[in-house]
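These notes are about the structure you will find just below.
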Amino acid sequence: MFTELNSILNASPDSFTQGEFILVSDRQSDASFLIHHFLSFYLRARCRVCFLGLVQSFCHYNAVGQRLGVSLTQAKEKGQLIFLEGLKESLSILIPHENNTEHQAMNFLRDPAVGLRSLYEFVRSGLTGSGSSEEGAEEWGPPVLLVDDLSVLLSLGVGTGAVLDFSHYCRATACSQLQGNMVMLVRCNGDEEEDGDEGSEWLLKGLSHQCSLALHVQGLPTGYCKDIHGQVEVCWRMRQGDGQHTQKKLFQYKVHDKGASFFARGTSSAVL
Amino acid sequence: MLTELLQGIEAGGFLVIQDSCSYSGRHLLKSFINAALNRAEVVHVLGFDVSEEELKDGLRTSDTQRLHIHSAYTDPLGWTERPAFTVHQFRLEDLTDLVKQTPHPKPATLIIDSLSWILRHVTPPAVCKTLHQLRKGGAVRAVIGLLHADMHQRGTVGSVCHLATSLIAVAPGAKGDEAVAKITKRSKFRKVMQDEEIFSLNGDFTVTIHSKRSNPEQNWNDAEEEQVDPTAELTFNLRLSDSELEAKKKLMLPFVFSKEKLATLSQPAFLK
């Protein structure tokens, strides 16, 4: 959890806006440090977290989590964290074993045309906590869905429209019905103008229409720098009441071993 | 012209509010809903994009007799067992049934939030057909739809917009809460009026017009007729004046054998 980012977003584990859909995107850069931030943030906030880790193994997320001061293993044991390890699950779908009674969340791998309904069913049961209501179990806060990352689904052959349907249903359940939060990562390669990868560009636009807060990470326009790793554009959408529609702020960041620092443009300690 | 449209759309009218992810047109759509409620019209809202609560936020919900929200947000594809309205029900018969569920002497205004959701699942010709039938059918007085233009191919946006009697394309303005609306209005006699206005929305979704563009009313047909003179800025003359023509005639070009030249060349001294 990065305290500087918390102050930018005006949130803390004790008090944060509920019902938000946070879209994290990156272009020719890596925004996965923000996924680790939100994972540790919501675990500290004692939320019930459903994490779709489609890119890395559980060990990876656990190792990074430990650096940020949370233990994913413990959270999983306590029932706070529901973790879908995409890499393992996909293997069990592709190489089925007789004694394999795993859930069918990754069924779309067999036929991507069927859509992501089974994955949504997994998310819904994870968020509502059905099937794990043991007596004496700890009570958790509002449910949170984290996805790392949605673009992988496109690579696996799922259509952009199907991914947008999936995110719509997740938002309806997590943000509107259960008043929890949702964080999704989308990756875009190539330049915006070039139309390098049409699918992920379309996905990003579709999700931008759905989200309430967007964090867009990109490299520095001036090229590589040792002390500034890139810039992140924070965009608040649909702020109600004050008549303001979108508010944008741009920050530069540097990722450290156990955190990240955010600063206004041109105010890096290496420059000043 | 925006104020004019807010004051009322003619019967059988179809208004499209076209937006992109940089500026949401939903707030302007809410202005139109409030304006219709103020005129004591019956309004039916078909909501796909946002939840009923979010849609109701800022609306004059005291008019429960005249404001009917049909939320297709929670289950637009019928993934759960009891969908209220699915996207595949976007047909004249189902929509007429929906509107007639609450009988009212006056025909209603139908608000669609958004057409983009429908266009992702129903083919553009089918959507256009339904919209056309709705306009002509008489079950609804007018239709107002939100369209996220950046989520569709240009042809799809074009075909829907072509059907509209009025089109408002919104984009972010230069200042914080200001926005630019490009308005195209087609009258019954197919006269096309265009206008560009800078506006801002207040907390109660009333619209404040700040300025109009210098050439506010321009007729498209006139624009087509007004042809630019291609010979206006040529760096050479296309025709010669009389004196120039005379000078040109007098000019003796090389390798043209005049009588004198021929006589000189045929002298014995040359022939040797």
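A short reminder: the numbers here are calculations on the coordinates, not readings from a lab. The model shown is predicted, which means the values in this text are computed figures rather than measured ones. FYI the Cβ positions are ideal-geometry reconstructions off the backbone, even for glycines, and counts take in every protein chain you see.
Whole-Hz ³J(HN,Hα) for each residue in the range A:140-153, computed from phi via Karplus 6.51 cos²θ - 1.76 cosθ + 1.60 with θ = phi - 60°, x for glycine and proline: what do you get?
10, x, x, x, 10, 10, 10, 10, 10, 10, 6, 4, 4, 4
Apply the Karplus curve 6.51 cos²θ - 1.76 cosθ + 1.60, θ = phi - 60°, to the phi angles in the range B:190-200 and return the couplings in whole Hz, x for Gly and Pro.
6, 7, 9, 10, 10, 7, 10, 10, 9, 9, 9
Divide by every residue of the protein assembly as shown the summed helix terms, -39500 (n - 2.57) for each DSSP H run of at least 4, and state the resulting mean residue ellipticity at 222 nm, rounded to the nearest 500 deg cm²/dmol.
-9000 deg cm²/dmol
If you fit an axis through the alpha-carbon atoms of helix B:124-137 and take the longest principal axis of the Cα set of chain B, what angle between them do you get, 0 to 90°, nearest 10?
60
Can you give the % of DSSP beta bridges in the protein assembly as shown that are antiparallel, to the nearest 5?
45
Please report the antiparallel percentage of DSSP beta bridges with both residues in chain B, rounded to the nearest 5.
50
With θ set to phi - 60°, apply the Karplus curve 6.51 cos²θ - 1.76 cosθ + 1.60 along the range A:260-265 and write out the HN-Hα couplings as whole Hz, x wherever there is a Gly or Pro.
8, 10, 10, 8, 5, 4
Show the residues, 5+ positions off or on another chain, whose built amide H is closer than 5 Å to the amide H of B:SER114.
So B:SER114 has HN proximity to B:PHE48, B:ASP49.
Roughly how crowded by other chains is peptide B:21-27, in terms of the mean Cβ count from those chains within 10 Å of each of its Cβ atoms?
The shielding value for this peptide is 5.
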